[in-house]
Structure formats: structure tokens, C-alpha cells
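Quick notes on the structure that follows.
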Amino acid sequence: MTINDIKNHLDAEVLCGKEFLDKEVFSACGSDMMSDVLAFVKDQAVLLTGLMNTQVIRTAEMMDMICVVFIRNKKPGEDIIELARESGIAVLSSSKRMYEACGILYSNGLQGQAK
């Protein structure tokens, strides 16, 4: 699945990283706890979260994630957007709730990652 597919499935707005819409994503993680994300770890993943701070982008960067989707219509501040730009991470915003967003992506073929 591409980032563009994720955008379309979640009716999401691209906040930065339009140039990455054709990148493939092979797994997904939904969490507001960055410690859980650090335990998750796999390349080419998308992170779905409602947490609004720069640690989200720093964690995604450490885990080689290429896309972060902020759920529940949350819009990150410019500091988060700029850090994502510098890190080469696409940022999307969707009005969907975590459960719904994860379910939509899973039902359309995007798998979670086994430990």
C-alpha cells in the first residue's frame, strides 16, 4: 500500500511530504505511547497516533517509519511539521478515530507487524 492509498482510505489531508505519496508502506502501528512504538520496530511502517509532540516524529525517525497519521482531526504545530520535513517523513491528518483508522487500513490489506 502506498502513502497515497492511506490518504485516500482515511480521507486524510497531507500536511507535509506530498513528494512521498508514492512510497510503499508494508506495515502499520497505532499507538499514543511512544514506548510501545519503540518496542514495535519495523522498516517502512506508518504510525497512527493522537499524541501531539515532536517525540512522535523523533520516534518515527528512529524506527525508520516513513509516514505519521495524526488521528481524531488533530493538526500538529509547525514545529512538528518542520521536524517531519527535515526527517523525510510524510504527515497526514485524518478525522477517523484510532480504532476505525486501523481497521480501515487492515481491511484494505495493510498488516500489523509481528514482534
**OP:** Would you grab the residues whose amide H sits under 5 Å from the one on Leu92? Only those 5+ places off in sequence or on another chain, please, with H modelled 1.01 Å from N.
**Re:** Leu15, Val68, Val69, Phe70
**OP:** Name the aspartates and glutamates eligible as straight-distance cross-link partners of Lys18: C-alpha to C-alpha under 13 Å, and not fewer than 8 places from it in the same chain.
**Re:** Asp5
**OP:** First obtain the Kirkwood hydrodynamic radius of the chain from its Cα pairs, then insert it into the Stokes-Einstein equation at 25 °C and 0.890 mPa s, and state the resulting D in µm² per second as a whole number.
**Re:** 183
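Using alpha-carbon pairs under 8 Å, 6+ residues apart, how would you state the relative contact order of the chain in percent?
After rounding, I find 33 percent.
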Original post:
Under a plain spin-label model, where a point goes 7 Å from the Cα along Cα-to-Cβ, how far apart in nm are Arg85 and Leu38?
Top reply: 2.8
Subject >> C-alpha center-to-center spacing [the range 31-107, the range 1-30] in angstrom >> reply: 11
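All of the numbers you see were taken from the coordinates with simple rules; none came from a lab. All values reported here derive from a predicted model rather than from experimental measurement. So basically every Cβ, Gly included, is an ideal-geometry build from the backbone, and we count neighbours across all protein chains shown.
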